[in-house]
Amino acid sequence: MSQTPLLSIQGLAAAVDEKTILHGIDLTIPAGETHVLMGPNGAGKSTLGHVIMGDPAYTQTAGTIAFDGEDMTELSPDKRSRAGVFLSFQAPVEIPGVPLSSFLRATIADRPGLEMRGKEFRRRMKELCAELDMPPAYLNRELGVGFSGGEKKKVEMLQLLLLQPKLAILDETDSGLDVDALGVVSRGMELYRKSCDGTLLIITHNTRILEHLDVDRVHVMVNGRVVHEGDASLIDWIDEHGFERFEQEAAGDSSGAELSPADLSAVIER
Amino acid sequence: MDALKIRHANAMPAPTWGWLRMNDTQIEIPMSLAPGGSMEVDAEDRLFDHAMSFEGAVAELQARLDAARATANEGSAGDDRACVRAALAENAARNVAADGAAEMPGTAETAESGSANAPAADLELPALSRYQKRAALEEAALDVATAFETGIGADARAYLNFLARETMVLAAAKDTQERATVRVEAEAGEAAAVSIDVVAAPGSTFDLVIALDATAAMGAEDNATAALAGTTLRVFAGSHARVNVTVYALGTPTAMLLDDEGYVLDEGARVNVRHVVLGGELTVTGLAADVRGDTARLDIDTRYLASGSEQRDFNYVVRQRGRKTVSNMNANGVLAGTSKKVLRGTIDLVHGCKGSEGSEQETVLLASEGVDNKTVPTILCDEDDVAGNHGATIGHVRPEQLFYLESRGVSAEAAEALFIRAKLEDAALSAPDERIRASVLRLGEALIPGFTDDIDAPKEDAA
């Protein structure tokens, strides 16, 4: 583990329309690790991803978000992106009239080390399209317009590989995908890890997408709070038991004793 | 500055309140511009060996329409709708008054003839607006040549014909497939135009590309119209013919571009029009179509960009007269800087066009706060069993779109540049040939330094 974590969130609280959604989140991700954020629907997982990215729809009411040792609370989303944070959207937006290739060029403009012009850019695009089973003709299509769910996620992976961010937050990138598209997303994550030793925060319900990944840490969120953390074995435990136990604990249900490592021992031993 | 003024250009057929200042436009052409420029045609010689002129094709259609009307009217009184009777009566009264023969109200009927005769005391006769009267008279006359119109209007057509000196007729023979490219280029201080008639015989396919190019005037002094390039086009699409027209209007921020078009569609004809308007201090694009034949179809796809203080003025008038005809107008544009744009789109579902459908949609992205956009969709309808639809999406970048762009490192300022770049890149990628593409790149380079380097690959490179 490196001395300074890549992402360090301390006491983070965030609200939308004066309603607090995130309560005192603490989360640390060292560089090069793969973390998974799990939790039931409405737990605030996607909100956390958006708040890290600086989505103006949410107001950060407390705490700090430090990235690479720098507090980025005051940074706009484009500056966070240029600092090395990437958020893959659960539902990527459509922007009619903007060809994908034009958009991609804009994303790499003025990024030291990534600036490419003319032929170099097109060659790189061809390579990435081949790796993601994407016809290069997609590049001439309007961003997101008429794309299927799977195609949109491929375009997200394409950007991940193009931008090579220090931290990639993948917000349910696997949701609603068929087996083939799921394979492409998995390959995209693998390529990202290999190509730049990237750091991942994967927000998901689906443990299947994690099968081929070496997960370092799992965080469980319930009702806007991180209620549990553990190693990769926690994934199998959740796969078997779901989130009910965590939800009960968060609700202060006396019928269930506080979740201890002993509760997970069976899974851990396996 | 002395200027030739063309008033009431690009006029809506059924005007709305004058104070909205969008019924029409006024074109001011500096007298300093000298007729000149260059015109180039790339087409097979056989296209010029025309067996049929535009007028001849219209006359032939007219003969068929007259014969069909005579058959339909056999044993009947013809079109005796109250609005037609009213229009005819009013017209007759005016004619009589003009002759000095009508001294008293009620004598107008003496000038009437045939079934359209209407007694002045006929209380069923409705009061007609000027537009309704004109429409009723036109329907009663069933005269294709008289009803023919072009989008910008007769005065602009006369001016462009003057600049062009002569009209070029390109004709495709029956069941053949032809193509032609026409370029009009104007350099600084020049006004150039071309007048084209296209006659596509039954069953033929005709692809026409027109490039209005005033990008060579780059670097001319500001605040003066540096160059003018224009076209006036008449198209007759014969029975089941297919005509595809693409017009690229490319000019520097000091250029004026005029594109005046008129179409007649015979039975089952299919016409696709693509307008790409990217530059020019003032561009005026007008298209009027007489969708006369049954089951004919017209599709119009318009892409435009205006930046700086440029102005775009569009007028589309589609009169659907045949049964089961279809028309679609789709426009997509980006307005940046302090640019202005008016787009008038009129679908006229004329009496007798049963089973027809017309649709118009426009998407305008307002990339900055200072732009002035007017979108004026109009649907006129004098028939039942028809469908007319219109819709417009006008707006700034939505917050979720902006956040998406920002999350990928594209700031709000860079987003505006992106929308401009995207429009240019789209036009370059879909340019019909390398010369047009080169002009798009030249224009792009002037707006965005480095633009050419980014997309200098041939089209197949991205395919």
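Kirkwood Rh over Cα pairs of the protein assembly as shown into Stokes-Einstein at 25 °C, 0.890 mPa s: D in µm²/s?
Answer, rounded: 83 µm²/s.
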Sorted by chain and then number, the residues having a modelled amide H within less than 5 Å of the amide H of residue A:73, at least 5 places away or on another chain, are A:65
TM-like helix rule applied to chain A (DSSP H, alpha carbon span at least 18 Å on the long axis, mean Kyte-Doolittle at least 1.0) gives none
For the stretch B:1-43 the trypsin sites (Lys or Arg not before Pro) that pass both the DSSP coil test and the at-most-11 other-Cβ-within-10 Å test are B:21
The set of residues whose placed amide H lies less than 5 Å from the amide H of residue A:200, leaving out same-chain residues fewer than 5 positions away, is A:33, A:34, A:35, A:168
Env charge @ residue A:172, Cβ radius under 14 Å, K,R +1 / D,E -1, value +1
Sorted by chain and then number, the residues having a modelled amide H within less than 5 Å of the amide H of residue B:261, at least 5 places away or on another chain, are B:151, B:152, B:233, B:286, B:287, B:288
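List the pairs from B:133/B:374; A:126/A:194; A:19/A:79; A:126/A:152 whose alpha-carbon separation is above 21 Å, in the order I gave them.
B:133/B:374; A:19/A:79
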When the charge dipole of chain B is computed with +1 on Lys and Arg Cβ and -1 on Asp and Glu Cβ about the Cα centre, the Cα farthest towards its positive end, among B:29, B:262, B:441, belongs to B:262
With +1 on the Cβ of every Lys and Arg and -1 on the Cβ of every Asp and Glu, the dipole magnitude of the stretch A:61-202 about its Cα centre, in debye rounded to the nearest 20, is 620
Partner aspartates and glutamates whose C-alpha sits under 13 Å from that of residue A:166, ignoring same-chain residues fewer than 8 away, are A:33, A:68, A:197
Total charge of the residues flanking residue B:380 in space, meaning their Cβ is under 11 Å from its Cβ, with Lys and Arg +1 and Asp and Glu -1, is -2
Sequence order, the stretch B:333-344: Karplus ³J(HN,Hα) from phi using 6.51 cos²θ - 1.76 cosθ + 1.60, θ = phi - 60°, Hz rounded, Gly and Pro as x, gives x, 10, 10, 10, x, 10, 6, 10, 8, 10, 10, 9
Here the stretch B:401-416 yields Karplus 3J(HN,Hα) values (6.51, -1.76, 1.60; θ = phi - 60°; whole Hz; Gly and Pro given as x) of 5, 5, 5, 4, 4, 5, 5, 9, x, 9, 6, 4, 5, 5, 5, 4
Any lysines whose Cα falls less than 23 Å from that of residue B:324, other than same-chain ones fewer than 8 residues away, would be B:354
Summing +1 per Lys or Arg and -1 per Asp or Glu among the other residues with Cβ less than 14 Å from residue A:224's Cβ gives +1
Here, chymotrypsin sites (Phe, Trp or Tyr not before Pro) of the stretch B:1-63 satisfying both criteria (DSSP loop; at most 13 other Cβ within 10 Å) are B:17
Under the rule rounded for a/c under 1.5, else prolate if a/b exceeds b/c, else oblate, using alpha carbon gyration tensor axes a ≥ b ≥ c, the stretch B:136-261 is classed as oblate
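We did not get these values from a lab; they are worked out from the coordinates using the rules stated. Model, not experiment: these values are computed from the prediction. We place every Cβ from the backbone using ideal geometry, glycine too, and count neighbours over all the protein chains shown.
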